[in-house]
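Scroll down for the structure; my scribbles are underneath it.
The values are calculated or read from the model by the stated rules, or taken from the named source; none is laboratory data. Note that the coordinates shown come from a computational prediction; the quantities given were computed from them, not determined experimentally. Heads up, the Cβs are rebuilt from the backbone with ideal geometry, glycines too, and the neighbour counts pull from every protein chain shown.
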Amino acid sequence: RDNDEYQATLRLPPPGRYDHAIRVSVDGGFSYTYADGQPAGSSDGYQIENAGDLFVGDQAARVAREGQVVISEILYDPNGIPDNLGEWIELFNPTDRDLDLTTCFLEDATREQAPLDGVIVPAFGYAVVARSLDPAVNGGIQAAATFPFTLDDDGDVVSLVCRFEVDRVDYDVGLEFPAATGTSIQVDVAHQSLRENDQGGYWCEGAAGGTPGGANRDCGPLEGFSAERMQAIFDVHCDGCHTHGAVTEGLSLDGFEAQTFNVPSTQLPAMPLITPGDRRQSYLYYKLSGEHFQLPGGQGVWMPPAVPFPPTTIERFGLFIDGLQ
């Protein structure tokens, strides 16, 4: 009947421009009536010139949500190019849809922002944001946008924000993250995800000049920290994590070695003999991994006290201890 209301779902054809009209069947498809039917003898309401005009274009890119775009490579200390021309940040889209960063911005530890209007990160692809758009001066980089802040060579924070934080990397040069001069640092190609790209153990030096806009490389297996690197990490993160009587202090690895001790176990007599080079028998490892337990009359303190170390860092501590002789 006239003035009835109908609702339909359109299955969109390939991109193009189409006429469309609506027809209704009340007998299971034996006959159809065009919507808003006209008197008998007419074309029953359908005229080509009056048909609806439907345009089907390419699917619009979505706005990125948390973890849908990740920071995958950073050049903070370019070789032979001033920082204000040669620094860049690479973004990776691990999803199967193009993602629009028009409402987003990058920011550093000082909260200085770089709008990303018009930047589209293609599905399973990359976009590079650099200090300069000119390939003649930025090292030949094809950049989609620019950022005004300087990346600190000693460590910095890079955040991607789209009304909320989409991704963040806090790189601490020479501690959990690698130190690189003249080349980039990049996250392992198999670990380009929100939960893994903030762990320094999954980052390594890029190829000479980096791979801006191209696939990252395999960083290889995790390696144990050196004693010097472990001490540097403790100096930063473990202030106050060692309690000796009434004194709270940091942790020193001076003279640290694997030893066995001829001490009778009166509290836990079933404990195995401590042997060198085995993390599972190391009190230090249990404290670092947060697996320590409380003994009668004693107290364990998580290291670091505030936030636990990420899994890759704990694994590299363990590899260091396993290598002791």
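Scan region 46-76 residue by residue and report those that are at pLDDT below 85, in a strand (DSSP E or B) and aliphatic (A, V, I, L, M). Passing the criteria: L54, V56, V63. The requirement of being in contact with a Phe, Trp or Tyr (Cβ under 7 Å, 6 or more places away or on another chain) and in contact (Cβ under 8 Å) with a residue 24 or more places away in the chain is satisfied by F92. Of the listed requirements (1) surrounded by 13 or more Cβ atoms within 10 Å (Cβ to Cβ); (2) modelled with pLDDT under 90, D27 misses just one: (1). Of the helices (runs of 4 or more DSSP H) lying entirely inside region 212-325, those containing at least 3 residues that are modelled with pLDDT of 85 or more span 227-237, 311-322. When E112, E73, E90 are checked against the criterion of being surrounded by fewer than 18 Cβ atoms within 10 Å (Cβ to Cβ) and of a type outside the set (S, T, N, Q), E112 stands alone in meeting it.
Exactly one residue among E223, E205, E176 is surrounded by fewer than 22 Cβ atoms within 10 Å (Cβ to Cβ) and in contact with a strand residue (DSSP E or B) (Cβ under 9 Å, 6 or more places away or on another chain), and that residue is E205. Restricted to strands (runs of 3 or more DSSP E) entirely inside region 92-147, those with at least 3 residues that are of a type in the set (A, V, I, L, M) are 126-130.
Just the residues that are among the polar types (S, T, N, Q) and either part of a loop (DSSP other than H, G, I, E, B) or free of Cβ contacts under 8 Å to residues at least 12 places away in the same chain (or both), please, taken from region 148-162. Scanning region 148-162 gives a single hit, T150. The listed residues are D152, D167, D83, D134, and the only one of them that is under 23 Å from H191 (Cα atoms) and of a type outside the set (A, V, I, L, M, F, W, C) turns out to be D167.
Exactly one residue out of N84, N79 is in a loop (DSSP other than H, G, I, E, B) and either assigned by TED's automatic domain parsing to the domain that holds D170 or touching a residue at least 24 places away in the same chain (Cβ under 8 Å) (or both), and it is N79.
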